[in-house]
Amino acid sequence: MKDHSVDHTINLEHEHKHEHEEEQDSLYRILVPDVRDLPLTPPSAIESNFVSYFAPDFTKPGHDQYVYRHANGLCVIGLARTHVAFKDTSGITAVDFNVGKSDRSGIKVTGKRKKNAQHFESNSALCKVNTDDASYIVRCCVKGSLLEVNDRLIKQPGLLNSSADREGYIAIIMPKPADWLKVKGSLLGLEEYKKLREC
């Protein structure tokens with residue numbers, strides 16, 4: 001005589017095994033993306049961690065700058081690829097942070113409370129970039145506390161020509177949330193900027 005409890009146990013084991021396999025399959029699909037869904041090139045750290053904004057013709061025609069905003073509110077400021085300075089055949093040959101009443105490269109901010117941070121308006125000068133034929137003022141673009149400038153550019157101005165959107169950034173600024181909301185409306189998103197400059 002056949003033992004039904006053994007059959008029942010075997011059936012239950014089969015069901016559990018089947019459920020487990022289905023679970024594994026769906027977990028695999030979540031964790032391992034379909035190759036066909038992946039972008040051709042992986043996103044850069046900037047694309048992953050920052051939202052890109054642009055200030056075209058900032059105070060003067062052709063003075064295009066970018067503002068990369070991190071989720072923590074910090075803004076990285078730099079020259080957009082379409083800035084008029086890059087149209088000079090020599091490229092940028094020198095960077096001078098000695099503008100206005102102080103040398104911006106001398107700013108040293110310390111601690112969590114960012115002691116010694118200087119507050120600047122959006123049109124305050126950050127530095128001057130020089131080409132063989134001209135010089136251009138780079139501005140803050142956002143009102144806030146200047147936390148640091150990229151003083152590597154003093155010795156290596158060529159970073160602007162080769163990597164303006166990464167190692168060649170100009171400065172890091174921390175705007176207050178209210179000030180950021182005010183300025184955000186005047187900036188363009190990446191797609192709008194691309195359409196404007198058709199780049």
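The values are calculated or read from the model by the stated rules, or taken from the named source; none is laboratory data. No experiment lies behind these values; they were computed from the predicted model shown. With ligands, DNA and RNA removed, areas are computed over all heavy atoms of the protein, side chains included. Shrake-Rupley method; radii C 1.70, N 1.55, O 1.52, S 1.80 Å.
Rounded if a/c is under 1.5, else prolate if a/b beats b/c, else oblate: with a ≥ b ≥ c from the C-alpha gyration tensor eigenvalues square-rooted, which is region 120-199? Don't skip to the answer; put the middle values down first.
Values: a/c = 1.91, a/b = 1.25, b/c = 1.53.
Verdict is oblate for region 120-199.
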Amide H partners (placed H, <5 Å) of LEU126, local residues excluded: VAL138, ARG139, CYS140
26 Å Cα-Cα threshold exceeded, pairs from LYS101/LYS195; LYS60/LYS195; LYS128/LYS195: LYS101/LYS195; LYS128/LYS195
Accessible surface of region 115-199, 1.4 Å probe, proportion on carbon and sulfur as whole %: 49
Values of log10 I(q)/I(0), in the order q = 0.09 Å⁻¹, for region 49-199 under a Debye, Cα-only, solvent-free model: -0.25
5 angstrom amide H check on LEU147, placed H, neighbours 5+ away: ILE172, ILE173, MET174
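Any idea of the accessible area per residue across region 116-165, 1.4 Å probe, to the nearest Å²? Mind dumping the intermediate values first?
On the way: 2300 Å² over 50 residues.
Result: 46 Å² of accessible area for each residue.
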